Amino acid sequence: MNNITDSQKTIDLVTRTLNKRYAAEYRFKLYGLAAMTIGLACVVLLFISIIFSGTSALWQTRLRLDIDLSVEVIDPDNQKSLEVIGEADYAGLIRDALFKLFPEVTNKQQKRALSGLVSAGAEFELRDLVLAAPELIGTQHSVWILAHSNVDMLLKGYIDQQIVETERKIDDQTIAWINQLVATNRVAQHFNRDFFINGDSRDPELAGIGGAILGSFYTLLIALILSFPIGIMAAIYLEEFAPVNFITYLIEVNINNLAAVPSIVFGLLGLAVFINFFGMPRSAPLVGGLVLSLLTLPTIIIASRAALKAVPTSIREAALGIGASKMQAIFYHVLPLAMPGMLTGAIIGMARALGETAPLLMIGMVAFIVDLPQGILDPATVLPVQIFLWADSPERGFVEKTSAAIMVLLGFLILMNTIAVILRNRFERRW
Amino acid sequence: MLQIFTAITLLSLTLGAYFVGRNRAVKLIKLHSLPSYHGYFTALWTGLPGAILFLIWIVAEPLPTFPNFCYSTSCILFTILCLLTSSVGLMWSINLVSPQFQARNQVELALRNFMIVCSTIAIVTTIGIVLSVLFESILFFHKIPLNEFLFGLEWSPGTAIRADQVGASGKFGIIPLFVGTILISCIALLVAVPIGLLTAIHLSEYAGPKTRAIAKPALEILAGIPTVVYGFFAALTVAPAMRDFGNILGLDVASESAIAAGLVMGIMIIPFVSSLSDDVINAVPQSLRDGSYALGATHSETVTRVILPAALSGIVGSILLAASRAIGETMIVVMAAGLSANLTFNPLAAVTTVTVQIVTLLTGDQEFDSAKTLAAFALGLVLFIVTLILNIIALHVVRVYREQYE
């Protein structure tokens, strides 16, 4: 009797609280969904904000000027030698063409402001143009001249014209000139090829990521050459040969810990050992590659060990059974089967190394370098460090350049990860 | 220039030695080892001694600068020595080629030793980190006493222009940096732990295989994005948004506030929490779930009262790993947090962190022995020790957890 009332009570309790419990269940499920949505929204927001501010950097404003390539200025003695042509006053030619468009400008100060419409690098572009086609000398030629970053920013709408003139980068007079140029169809946005070729520059309109990409390439090359073979060898030893003892345990703990050491500490190691102790050059891709190879080694070892572990024992036993030595069994039979997994690990490690910034700041790859690096000993910078440098710059023109550089960096990362995924899906065998 | 010549000659000698050794073995009958192993053996004895000498030379000599070629007598002597050793090795090993000679065993032994050397590089790296950081730190502690460094409340590594200037020696108290680091890391964890953990629960317990297949890699993208990108995002988008938001609420938010850097760092470490917790939750045996359902518990009750307690140690491990990530993170705070060391727990104020100070101290141009540069290494030592302790505890906790259910 007592039992029945007890269970009756329980049933009552359950029915009474059931709706509440189901509501709690529903809420809990909603929390999970919300958390996941927030996480995914962050990914989307990040990408959108970068793409939104970076796409405009792919186009650069240019002004169409009718430049009088007069013989008197370029080649007065008619020597026709490239040396003479190369040293002519092209900046003056561009200025003259501009002044001709605005004959009302006579004031010296205003003239200087007017010539500020074109980029400081425009004269070199014009020089290269004339050097490539000397037959143009003596004619009047219509050339698209690179505009100054402020002009570019104004036309892209990044400069608020409502602010007080004194707080603006560009004054009312200049805006009037630009509007006049726009009205006469002399302004256009051209694809910014220079951005992918040029090295760094103080002028946003001239700065490019070519040097940084080359630097990244050299650095990653060194890192890959060093860390891939060493990582594979270490993985094979630890997985196939190592006896179970204290030293092996110590190595394993070490590798796992190294994978979680802050990357900036590796930079300190590079600075103290490679640069101060061995006297290697600062800012060189060689040192960067060495540091990054130490940084990626744990990743590659862990991935390679997983790949070796996935190869079934029967393969080894079959090889041993027909008389192969252990080394032969591993190098001729196990290693080829584990290779796709190892390559995947190496690519993922390299992708991580490509995005590393902090350790490279420590070894001086943060210097301002205009020239493209020619080898692994030349001072260079890498793509993420270039992004850091530009992000720090107060010039408005660098904001879009930074975002564009980030887009390129993310593009490379996506490419590498896609290759890794394809490699894994195509060649990985399930046993 | 001479180095390059030597390297090329050594390489071609080694390659030649392989073919000579193999060809000699091919002519013999009843060999113990395959002819190619004899080739490898001779190549090894030709290349290795020369290469070791060559490496010593390269390390001892500063790297060649291309305009001035190295034509000194010592250089020429070294070249001759390298090549001579190689030739002697070739002569010696080529005479060993015979049917009885166990070339394969010799080559395999050498390969095995090479593998051992490769796998000890991890230990060598750790020792290198400890030694390099420790050595400079000891120099630093000669100038600044240890207790002043550890318990000082003021951080202002000023440069002395005059010797008698006020604050010429600078103040090196690490407490404000530590408070800043902990503040930003706590904000990051407050963002990442709830989101990461709930995401992990949702993915492993509720989501269908299709959602899982899309959401998991999508979240992992967050872990793959370079931190410099997060830094830019924090400095350009989040920090101004925070300031504007604060203005609306009538709060005074610094433009380099701790909360902006912490928020973005939290986004960065979401995948560290979520993917590790996901693994951990999946490792909880199905029998525990089934038992809970059999007692009439709902799904969410099972999760909160059975699965989470069972997975707790693993989750704690993943949070500790995320915390060590947050403490060691550099670029986000360099770009979005401040430089001045304020001793405050106010998340709206600008604070600085250990990593920010390491970067600021080392990226300027100053002589290597100054207290400022050495201080960076002392900070590095502290950072290394703290993250190492966190990592060891976390890895241990996770391992013990795995063993519990295996």
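Of all residues in the range A:111-149, count the ones that are assigned to a helix (DSSP H, G or I) and either surrounded by 15 or more Cβ atoms within 10 Å (Cβ to Cβ) or not basic (Lys, Arg) (or both).
So the answer is 19.
Residues in the range A:232-289 that are in a helix (DSSP H, G or I) and touching an Asp or Glu at 6+ places or on another chain (Cβ under 8 Å) were compared, and the one that is nearest to B:Ser119 (Cα to Cα) is A:Leu238.
All conditions in (1) in contact with a strand residue (DSSP E or B) (Cβ under 8 Å, 6 or more places away or on another chain); (2) at negative phi hold for A:Asp172, with the sole exception of (1).
A quick yes/no check of all residues on (1) within 14 Å of chain A (Cβ to nearest Cβ); (2) of a type in the set (Phe, Trp, Tyr); (3) touching a residue at least 60 places away in the same chain (Cβ under 8 Å); (4) on the phi > 0 side of the Ramachandran plot:
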| site | (1), (2), (3), (4) |
| --- | --- |
| B:Ile332 | yes, no, yes, no |
| B:Ala336 | yes, no, yes, no |
| B:Thr344 | no, no, yes, no |
| B:Ala378 | yes, no, yes, no |
| B:Val382 | yes, no, yes, no |
| B:Tyr401 | no, yes, yes, no |
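Okay, residues lined up against (1) at pLDDT below 85; (2) closer than 30 Å to B:Ser274 by Cβ:
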| residue | (1), (2) |
| --- | --- |
| A:Phe47 | no, yes |
| A:Leu58 | no, no |
| A:Arg62 | no, no |
| A:Lys80 | yes, no |
| A:Gly92 | no, no |
| A:Arg95 | no, no |
| A:Phe99 | no, no |
| A:Phe102 | no, no |
| A:Val118 | no, no |
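Taken across the range A:30-52, residues that are of a type in the set (A, V, I, L, M, F, W, C) and touching a strand residue (DSSP E or B) at 6+ places or on another chain (Cβ under 9 Å) do not occur at all.
Applying a threshold of 6 Å to beta carbon distances and a minimum spacing of six or more residues, or different chains, the list of pairs starting in the range B:208-225 at a residue that is more than 7 Å from chain A (Cβ to nearest Cβ) and ending at one that is modelled with pLDDT of 85 or more reads B:Arg212/B:Leu203; B:Glu220/B:Pro271; B:Ala223/B:Pro271. Tell me, please, whether a residue that is farther than 26 Å from A:Arg430 by Cβ, touching a helix residue (DSSP H, G or I) at 6+ places or on another chain (Cβ under 7 Å) and polar (S, T, N, Q) can be found in the range A:343-363. Yes, the range A:343-363 contains at least one residue that is farther than 26 Å from A:Arg430 by Cβ, touching a helix residue (DSSP H, G or I) at 6+ places or on another chain (Cβ under 7 Å) and polar (S, T, N, Q). Taking each residue of the range A:189-200 that is within 10 Å of A:Trp59 (Cα to Cα) and looking for partners that are crowded, with 19+ Cβ neighbours inside 10 Å and β-branched (Val, Ile, Thr) with beta-carbon atoms closer than 7 Å, six or more apart or interchain, yields A:Gln189/A:Thr61; A:Phe195/A:Ile209. Here A:Gln79 passes the criteria (1) surrounded by fewer than 16 Cβ atoms within 10 Å (Cβ to Cβ); (2) outside the structural domain of A:Pro134 (by TED's automatic domain parsing) except the one numbered (2). If you go through the range B:1-43 and keep only what is charged (D, E, K, R) and either closer than 21 Å to A:Ala324 by Cβ or in a helix (DSSP H, G or I) (or both), you end up with B:Arg22, B:Arg24, B:Lys30. Across the range A:84-95, not a single residue is classified as within 30 Å of A:Asn179 (Cα to Cα), of a type in the set (A, V, I, L, M) and not assigned by TED's automatic domain parsing to the domain that holds A:Gln140.
Which members of the range A:383-395 meet the condition of being farther than 19 Å from B:Glu256 by Cβ and surrounded by fewer than 19 Cβ atoms within 10 Å (Cβ to Cβ)?
A:Glu395
Within the range A:11-41, the set of residues being more than 10 Å from every other protein chain (Cβ to nearest Cβ) and of a type in the set (S, T, N, Q) comprises A:Thr15, A:Thr17, A:Asn19. Residues considered: A:Gly270, A:Gly289, A:Gly323. Of these, the only one that is at positive phi and of a type outside the set (S, T, N, Q) is A:Gly323.
The values are calculated or read from the model by the stated rules, or taken from the named source; none is laboratory data. Please read all numbers here as calculations on a predicted model, not as lab measurements. Glycine gets a Cβ as well: all are built from the backbone with ideal geometry, and neighbour counts include every protein chain shown.
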